[in-house]
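Working notes, beginning with the structure itself.
Laboratory data are not the source of any read-out in this text; all were calculated from the coordinates shown. Owing to the predicted nature of the structure, the values given are computational and were not obtained by experimental measurement. Cβ placement follows ideal geometry from the backbone for every residue including glycine, while neighbour counts extend to all protein chains displayed.
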Amino acid sequence: MQVEVVFPDVPTAPLQVRMSRTSPGRYALHEFSKNVYDVVVTDGAGRPLSPMRPNLHQWDVAGHDGTVRVRYRIFGDRTDGTYLGVDATHAHINMPAALMWARGLDRRPAQVTFERPAGTSWNVATQLFPTDNSMVFTAPNLQFLFDSPAEFGPGVLETFAAPMSDGDSRPAPTIRVAIHHAGTAADVAPFVDGVRRIVEQARRVFGEYPAFENGTYTFLADYLPWASGDGMEHRNSTVLTSRGALADSRIDLLGTVSHEFIHAWNVERIRPRTLEPFNFEDANVSGELWLAEGVTSYYDDLLMTRAGLIELPALLSDLTAVVSQVTQSPATQYRSAEDMSRMAPFVDAASWIDRTNWPNTFISYYVYGAALGVGLDFSIREKTGNVKSLDDVMRAMWQRHGKVGGREVGYVDAPYTAADVRDTIAEVSGDAAFAADLMRRFVQGHEVMDYSRLLTQAGLAMRSRFPGRASLGVLQTDQSAGALRVSGPTRIGSAAYLAGIDVDDVIKAVDTQAIGTAEQLDAALKTFRPGDRVTVTFLRRGRSVKAEVPLDQDPHIDLVTLESTGGTLSGAHKAFRTSWLAGK
Ligand SMILES: [Zn+2]
């Protein structure tokens, strides 16, 4: 892509022009300058200037006449929420991955002009402010500009008025669904209907829509065989990318719609202080991602259920995944939910070549936070006799921290801290000690909630998937040429760990049964019971090792309904489920 960035009215000091290292909504460093080449810098009169390069990301431009014009080309071939994807079918533009900016000028408005490639009739879908010219847009400042991705291509655009609550006479926001896909026109309507239902259920949680700038929220969907799966939230829009097609992946795609639209409140406007304003020069570290991302993940499935798009068994299978991780991982001993949140720059689309011990020391803040979401929701319901819920906390957070907005577009004037979360739970539950206890033990501490007890309220039970089945514990393996290699760290406290087995060891035998494949290991373990002592033989760096160890109970659990186990729901169970799951 050919880019020209013009900075007018520049102070006489050298202008520090940069490529971003981050992208709003992502937490890892990305080094977007790596794809920039053929850089030509001139002043207002067209005189060539020779910028200094003080670091990887920066061009210092001295000797200009008050105007600095930077022309460059940039390569990008990834269609997702973070990078630049330019090909024959479209230009999918994430602004921080594409545009240079200048230090000290970030409060200035910007104008963006798109030029169609010859022979195309592409249009632009974006949250940028429109002008009379359909190729020209504006942004009030750098924060908003870099928060405004654009899909420049041949996609279709569907528009509807957001469903309003009864008696709300305010103008309904316009919801735009811009879709670039490889399916048929008939695939679009059922998807857009699902989007409408999610939009409505999200509003019912928070009580009202945010005041979207320009009165419009835009879904930017690229459902293409050459896209990379992603969802990325912004103030008034979201990028949705997937290889899945509308025809056969509609519910999965709507799951991401649900997640990202909740972010229009939770993280875009109900914003942690640690992320405000967003830093384009260094990693953005936040201890509150368990709430900003994890609780959003809890709600995405919940809203899908309330919208009638999935049913209770599908919701339970998602909850099973998060509750089993949090209740079984040794990582909770070492890092709290806040600590996990602060790991985001290392795991959020980051890459490395050295090994980590994360199976033992890290749980995604999406997972930890989703488990806290259901745990907090059920704790508040338990405390208040199902009169109050996490919905009330989110609505109160919206009133205190989100709705007030910012004096400047793209900024949030009342971002929250962990203490604000505690105080809001205290206000909703009417019990400050209860709120402080929840935060101290389960969010900032190392305790795991009693999910078994909490879930009983909804007529749900936690139970072993394979009762009586013996196991070495959660074990990652791969196999080749008759050798079963352990491919990840063994879980602290598991039978495999207590036997001294570690990554790269090759399991050779359980007692007298020779092992060469995962199937053979499973078959061997099935001949024992949990608690039986066995001798495991394994190869460690070429040397044979034997260890005797008691076997574990298989760790898999399921969350199941009382009725599926032959039980009968009480009136209280039914009332709880209606309050929790029914469309509002
Ligand atoms: Zn998210």
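Below is a table of values for the structure above.
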quantity	calculated
Length-normalised contact order of segment 60-149 in % [C-alpha pairs under 8 Å, at least 6 apart]	24 percent
Restraint check, Lys383/Lys584; Lys403/Lys584; Lys508/Lys546, Cα-Cα greater than 19 Å	Lys383/Lys584; Lys403/Lys584
For segment 218-363, the spread of Cα positions along each principal axis, largest first, Å	42, 38, 33
Degrees between helix 246-262 axis and first principal axis of the chain (Cα, 0 to 90, nearest 10)	80 degrees
Inter-centroid distance (Cα atoms) of segment 246-292 relative to segment 355-413, Å	12 Å
Descending semi-axes in Å of segment 418-534, equivalent ellipsoid built from Cα gyration tensor	43, 18, 11
Rotationally averaged projected area of segment 72-141 (alpha carbon convex hull; nm²)	5.5 nm²
Distance (nanometres) between label positions extended 7 Å along Cα→Cβ at Phe75 and Lys546	5.7 nm
Antiparallel DSSP beta bridges within the chain, as percent of all bridges there, nearest 5	80 percent
Among Ala98, Tyr37, Ala435 - extreme Cα towards positive end, dipole of the chain, charges at beta-carbon	Ala435
Viscosity 0.692 mPa s, 37 °C: Kirkwood-radius Stokes-Einstein D of segment 278-403 over Cα pairs, µm²/s	206 µm²/s
Globularity index of segment 282-324, i.e. its alpha-carbon radius of gyration over 2.2 N^0.38 Å	1.42
Percentage of interatomic Cα-Cα distances in segment 184-303 larger than 18 Å	54 percent
Set of segment 424-462 residues, backbone N closer than 17 Å to the point 7 Å along the Cα-Cβ line of Gln333	445-449
Whole-angstrom gap from segment 447-512 to segment 328-353, using each part's C-alpha centre	20 Å
Estimated translational D of segment 378-429 in µm²/s (Stokes, Kirkwood radius over Cα pairs; 10 °C; 1.306 mPa s)	135 µm²/s
For segment 134-200, alpha-carbon Rg over 2.2 N^0.38 Å	1.39
Convex hull projection area averaged over all views, the chain, Cα basis, nm²	31.1 nm²
Positive dipole terminus of segment 115-174, leading residue within Ser148, Met135, Thr174 (C-beta point charges)	Met135
About the Cα centre, charge dipole magnitude for the chain (Lys/Arg +1, Asp/Glu -1 at Cβ), debye	720 debye
Mean-position separation - Cα centroids, segment 217-237 and segment 99-160, in angstrom	15 Å
In degrees, nearest ten, helix 418-429 long axis to first principal axis of the chain (Cα)	70 degrees
Inter-probe distance in nm under a simple model that places probes 7 Å from Cα toward Cβ, at Ser487 and Ser249	2.2 nm
